[in-house]
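Encoded as C-alpha cells, the structure appears first; notes follow it.
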Amino acid sequence: MKSLARMLCLVWVAMLIQSCSDNSASPEAEIRAYIQSGIEAAESRSSDALAGLMHDTYTDHKGYNKKQLVGLLRAYFFRHKNIHLLTKIDEIELLTENEAIVRLHVAMAGSVIADVDALSALRARIYRFELQLVKQGEWMLMQALWGPAGIGDFN
C-alpha cells in the first residue's frame, strides 16, 4: 500500500511540475507554424486544407468571402499543376493575445525556388500580403489584403 501511495504521489508531483512548466509555443511561433501549414497546403494544391485555415466569416479587400476565395483557389490549382512558394515574413504584430497582423511577401513559381537569387530566372510572381488573424482555439484567417510586389522586397 505504501508503494502505491508513493507512486501516486510521484505521478501527482510530475503532473504538477508539467502543468507549471510552459510547454506551449509562443503566439509568434504558433503563427509561424500556421503560415508554414498554409504554404504546405498551397504547394500541395489543397483548397480544402487552405479553407480549414480560414475563419467562416473571412472577407478581403476584393470583396471575396471564404466560399468565393476557395472557389478561386480551386480554379488556380486546376490551371497550375506545380506551385512552389518562397516566403519572407516581414512582421508579426500581436494586437492582443488572440489577434494578430502578419505582413509577408510570397514569391510563386512553377519550379522550386532555391533562394532569392533564383526569383528573376524563374519569372516568379511576387506578392505582398497583410493577413489579419484571430485565435479561436487555433489561428484563423479573418481578413487579407494583397497586391503585387517586387524582387527588391525580399531583401
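Please treat every number below as a calculation from the coordinates, not as lab data. From a predicted model like this one, the values you see are computed outputs, not experimental measurements. Cβ placement follows ideal geometry from the backbone for every residue including glycine, while neighbour counts extend to all protein chains displayed.
Let me have the 222 nm mean residue ellipticity of the chain computed from DSSP H runs of 4+ only, each contributing -39500 (n - 2.57), with the sum over all residues rounded to the nearest 500.
Working: 5 runs with 59 residues, N = 155.
Result for the chain, helices only: -12000 deg cm²/dmol.
Tell me, what is the percent relative contact order of segment 105-155, built from C-alpha pairs under 8 Å that lie six or more residues apart? Intermediate results must be reported in sequence, preceding the final value.
Details: 68 pairs, mean separation 18.4, N = 51.
Relative contact order comes out at 36 percent.
To test your reading of the geometry: what angle, between 0 and 90 degrees and rounded to tens, separates the Cα axis of helix 2-20 from the longest principal axis of the chain?
Taking Cα atoms only, the helix is inclined about 30 degrees.
Once you have a ≥ b ≥ c as the square roots of the Cα gyration tensor eigenvalues for segment 51-138, tell me rounded if a/c is under 1.5, and otherwise prolate or oblate according to whether a/b is larger than b/c. Mind showing how you got there, number by number?
Working: a/c = 2.51, a/b = 1.36, b/c = 1.84.
Since a/c reaches 1.5 but b/c is at least a/b, the shape of segment 51-138 is classed as oblate.
Could you work out the relative contact order of the chain? I mean the mean sequence separation of Cα pairs under 8 Å and 6+ apart, divided by the number of residues, in percent. Don't skip to the end; give the middle numbers.
Numbers: 208 pairs, mean separation 29.1, N = 155.
So the answer I get is 19 percent.
What nm value, rounded to one decimal, do you get for the distance between residue 90 and residue 153 when each label is placed 7 Å out toward the C-beta?
0.7
Restricting to DSSP loop positions (anything but H, G, I, E, B) with no more than 10 other Cβ atoms inside 10 Å of their own Cβ, which trypsin sites (Lys or Arg not before Pro) remain in segment 79-127?
On the way: sites: 79, 81, 88, 103, 123, 125; in loops: 81, 123.
When the trypsin sites (Lys or Arg not before Pro) of segment 79-127 are filtered for loop state and at most 10 Cβ neighbours within 10 Å, 81, 123 remain.
What's the Cα-based Rg to Rh of the chain, Rh via Kirkwood? Before the final figure, lay out each step's value.
Values: Rg = 20.7 Å, Rh = 17.8 Å.
Ratio of gyration radius to Kirkwood radius: 1.16.
Please give the length that would be gained between residue 56 and residue 24 if that part of the chain were fully extended, namely 0.36 nm times their separation in residues minus their C-alpha to C-alpha distance (nm, one decimal). Walk me through the intermediate numbers first.
Numbers: separation 32, 0.36 × 32 = 11.52 nm, distance 2.58 nm.
So the chain would gain 8.9 nm between residue 56 and residue 24.
In debye, nearest 20, what is the charge dipole magnitude of the chain about its Cα centre with +1 on Lys and Arg Cβ and -1 on Asp and Glu Cβ, if you could check? Kindly include the intermediate steps, with their values, before the conclusion.
On the way: 16 positive and 18 negative charges, 124 e Å.
Once rounded to the nearest 20, the dipole reads 600 debye.
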